[in-house]
1. If you line up the long axis of helix 450-473 against the longest principal axis of the chain, both from Cα atoms, how many degrees apart are they, to the nearest 10?
2. So for the pair residue 474, residue 80, with labels modelled 7 Å out along Cα→Cβ, what separation do we get in nm?
3. Just name one of 273, 304, 287: the one whose Cα is farthest towards the positive end of the charge dipole of the stretch 262-304 (beta-carbon charges, Lys/Arg +1, Asp/Glu -1).
4. Given R₀ = 41 Å, FRET efficiency for residue 268-residue 462 by Cβ-Cβ distance, to 0.05?
5. Accessible area per residue of the chain at 1.4 Å probe, in Å²?
6. Once amide H atoms are placed 1.01 Å from N in the peptide plane, what residues at a sequence separation of 5 or more from residue 141, or on another chain, have their amide H within under 5 Å of its amide H?
7. Based on DSSP H runs of at least 4 residues, each adding -39500 (n - 2.57), what is the mean residue ellipticity at 222 nm of the chain after dividing by all its residues, to the nearest 500 deg cm²/dmol?
8. State the percentage of accessible surface on the chain attributable to carbon and sulfur atoms; use a 1.4 Å probe and exclude ligands, DNA and RNA.
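The values are calculated or read from the model by the stated rules, or taken from the named source; none is laboratory data. Since the model is a prediction, treat every value here as computed from it, not as a measurement. So basically every Cβ, Gly included, is an ideal-geometry build from the backbone, and we count neighbours across all protein chains shown. Ligands, DNA and RNA are excluded from the accessible area calculation, which covers all protein heavy atoms including side chains. Shrake-Rupley method; radii C 1.70, N 1.55, O 1.52, S 1.80 Å.
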Amino acid sequence: MLEIYNTLKRDKELFVSENNSKRISLFVCGPTVYDDAHIGHGRTYISFDLIKSYLEFIGYSVFYLENITDIDDKIINRAKEKNVYYKSLARFYEKRFKKDMELLNVNSINLYPRATEHMDKIFDQIEGLINKGFAYETEDGIYFEVAKFPDFGKLSNQNLDKLNSHRIDVSSTKKDSKDFALWKKTNKKPYFKSKWGNGRPGWHIEDTAITDEYFGPQYDIHGGGLDLIFPHHEAEIAQMESFSGKKPLVKYWMHSGFLNVDGIKMSKSLGNFITIRKLLEDWDPMVFRLFVLSTHYRSPIDFSEKSLIQPSKNLKRLKFTVENLTEFKNQLKELKNNTYPNSGDGDNLDISGCLKEDIDFELLKRLAKVEEEFFKNMNDDFNTSRALAVILNFTKVINNFVDDKKILLNGIEKIPYEELKIPFEFACRSLKFLKEFERIFKLNLFVKDIESDNNLSENLLDILLDTRSKLREEKNYELSDYIRDQINELDIEIEDD
């Protein structure tokens, strides 16, 4: 049974979805798109990508929502610096962010809703909070009155009376320094028109407007970095629970730990700010993904160039194990077909379906225990660190067995058929397990070499171009033009003479 650490309860809890359903709603705070994503973003989004993958592996259907903050002072200021329209700058960095995520195999997000495309929902929530007495208007904005929500501070475990030192929004017009902005009035472009005057939404209101739009007032999981607990996630709880009158907003709050660089918080001013793009100039994206997953998602993680060396070695070992096992399985299949072509078990000797019979073999029992230990750790709040250690330790056993058997088989012209079954079954079940591991961790272990893929693509393109030429010779211009247009869609320009 899966247990998840709930930040709100400060303890692990047995995971039971809202309404005990197999359908899960997962929301993770997305980026403010004014610059390239950094490796801290990478740490958080890789972690939640894996969490979704595992939930789906164990049978849940997960809708993963991640917002895009595309209106913010940082975006506006950067657009002014570059002398471009704010929306153009936001779209530019949004596109680059999604490309970075794609390279890291963070590809499980179902929807990236933008803040600026949900203004009507934002207005509805602000108006509702005013009408219910939780918000008030001043000359410079609309503010949520924290004193009206006694539970404020329950997520971060802070006492409301002691929060005066935390100035959430600086404004002399507020009733209390703890009150936070829902709407910031301004006549400086860009702005949006509202019944309260021109302005822009507060940071916190966009998230609850978006989740209410797609999930309703209550949902299963909300994720993000530890730095978002206060004030951002506290503000979300206050807004939505006050607006809807329903508690809790979220059943499970999950937060990923901090990523530091050489033991120091990452900062542009310190010169240790590393973007994902910069990192991937020198490193395989899967090395960084494995680096992140080698640490439990809630634990702090310290990055340095040296810290990627071991994950790089581990990735090579995992890939070698897959290749070694695959080669061994194929060798056994070939040996069986050559030596016993009429044995009648040909359909069984394939990884798509391991042998149906029970085989009493110590190594198979050990594999079963490894699988059990792996899933036990994954069910313990997604403990990828321990689960990965189980896999890496067993790769030594796998490779030692395979190498020993290869030496034995290479020196034998004929081997009793029954003796082929045991090593084949071990290779088959081990590969099946590694495919399950790959489905969860997504490290490209079964992906062919890029150069080989490129060669295949070039060969297929040559075939298509040759086919087009023959069609044109036969004056079949309709089909030839169709092929040309389809190839052009792939950004490969073809022009006819």
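1. Helix 450-473 and the main axis of the chain meet at about 90 degrees.
2. Distance between the two pseudo-spin positions: 6.5 nm.
3. 273
4. Working: r = 47 Å, r/R0 = 1.16.
Efficiency, from the Cβ-Cβ distance: 0.30.
5. Working: 24790 Å² over 497 residues.
Value returned for the chain: 50 Å² of accessible area per residue.
6. Amide H to amide H, under 5 Å and 5 or more residues apart or across chains, residue 141 pairs with 185.
7. Values: 14 runs with 233 residues, N = 497.
Per the formula, -15500 deg cm²/dmol.
8. Numbers: 11650 of 24790 Å².
Carbon and sulfur together cover 47 percent of it.
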